[in-house]
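To start, the structure itself, in structure tokens.
The values are calculated or read from the model by the stated rules, or taken from the named source; none is laboratory data. Treat the numbers as computed from the prediction; the structure is a model and nothing was measured. Because the Cβ atoms are built from the backbone with ideal geometry, glycine has one as well, and the counts that use them run over all protein chains shown.
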């Protein structure tokens, strides 16, 4: 008697467990890190490169370099969502205390990074220009500072403060620039330089003390660092070239050396730091950036489960689940840049709204083949809800006039919105299993000739060639040149006359005579099937 299937399965598991515990059995090695990547993966195929790009986008937020690749043909059918979730399951869930610690580290590292950036005259000028754009109305307050978009009272208070603070800050920066110009003067003694350096440090500290409470967004400050890195690289190149030209005796070398010295002086004053001080400043900024990025990475990895749980609620809305996760990860990174632990909110609560916002916006912009504006989508969703409610109450679909009356929209607008609701098909969408082709390949190209037309044209050319052979050589060549039967170019009477070295009138007479011969019934009948007789 055969045992039940469930019992048989348990017996097999017990045997396998017993064999693995036996002394001579080889235990499988635990997989650590990323599995080996097969070398049989051919990246020359376009769809395989697309899969690699998609995997890189997904695994980039995980902070790992592992890209699961298989050499078999079933790799493209692999469930990337399952792979992503398996990789995410390795990360343990975050506790309340751990979230509090990571959030505090995030805010402290951001503040330290911002403080390091503003410890340079060039970066201070960049920050002051951003605040001036707020004061003049060129930039919204919430686009520059870490502030809620709907906090209008705080925005007004910041504008009033800036009107008082910015003139004082400008004077401090102008004084710092004056001191730096004196500091780089070669005639200054080391004692004077030390005094000037301490004075510049005090001005920078006072200016930073005034500007840091405004909490400028990091994305607005980092362009100044990028520009300083470019200037620093240029200064290093010029310094190497200057050392090479030292001791040069030719006039050309002396002129180039003077040009380099002048450019170095201009760049030094622009950066508000000597080359060595600029290199040290950029090194400190890079250290602060690494600390800030590590804090963001640690907190984002712990909240990947939150993104997946929110993305599940938006499935079957027009976007693949993997795309929803990616958009949610984008919202998670935005939340990391704007989160303020000092306000007392949990990061998961704050990030939820950013994740939902990015997912809903991506659905609105990317779920349809033809993008519909946001305001039109809102009206369309309202019309769909009204139609469903009307159908439940009355047992029939409402007319356009009834929908327009309930929605308080014109009938023409209701018609246009319902037309937008029709499903569309992308011509680039593959059909079959993806290897057969795209839907666009199934549509007839009206500009290209059909096989029937091509065969008719070939038969017509053969018939015309046969008729032309019944003419004399000169008549045949004149018609070919005049009507472009050879190379497609139609020659004028003068051009044909120049070829045959006769007059224009003589070519016209030859052409008329040749056409009259072709119009004879015995010749014309050969082309009768290629045109339709016009109705009389």
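A few points about this structure:
- Qualifying residue in the stretch 236-249 (condition: over 30 Å from residue 193 (Cβ atoms) and at pLDDT below 90): yes
- Of all residues in the stretch 96-121, those that are farther than 21 Å from residue 220 by Cα have Cβ atoms under 6 Å from Cβ atoms of residues that are modelled with pLDDT under 90, 6 or more apart or on another chain, in 103/341; 104/341.
- Residues that are out of contact with any helix residue (DSSP H, G or I) (no Cβ under 8 Å at 6 or more places or on another chain) and over 24 Å from residue 348 (Cβ atoms) are absent from the stretch 108-125 altogether.
- Test: residue in the stretch 435-456 that is closer than 26 Å to residue 524 by Cβ and in a loop (DSSP other than H, G, I, E, B): yes
- Scanning the stretch 346-361 for residues that are within 22 Å of the chain's Cα centre (by Cα) and over 14 Å from residue 313 (Cα atoms), we see that the one that is surrounded by the fewest Cβ atoms within 10 Å (Cβ to Cβ) is 361.
- Subset tally (residues that are assigned to a helix (DSSP H, G or I) and touching a residue at least 40 places away in the same chain (Cβ under 8 Å)) for the stretch 334-359: 12
- Residue within the stretch 124-138 that is in the same structural domain as residue 178 (by TED's automatic domain parsing), at pLDDT 90 or above, surrounded by fewer than 18 Cβ atoms within 10 Å (Cβ to Cβ) and under 26 Å from the mean Cα position of the chain (by Cα) present: yes
- Helices (runs of 4 or more DSSP H) lying entirely in the stretch 194-304 (those with 3 or more residues that are within 26 Å of residue 339 (Cα to Cα) and assigned by TED's automatic domain parsing to the domain that holds residue 111): 218-245, 275-302
- Qualifying residue in the stretch 398-412 (condition: outside the structural domain of residue 319 (by TED's automatic domain parsing), without any contact (Cβ under 8 Å) to a residue 40 or more places away in the chain, surrounded by 13 or more Cβ atoms within 10 Å (Cβ to Cβ) and under 25 Å from residue 360 (Cα atoms)): yes
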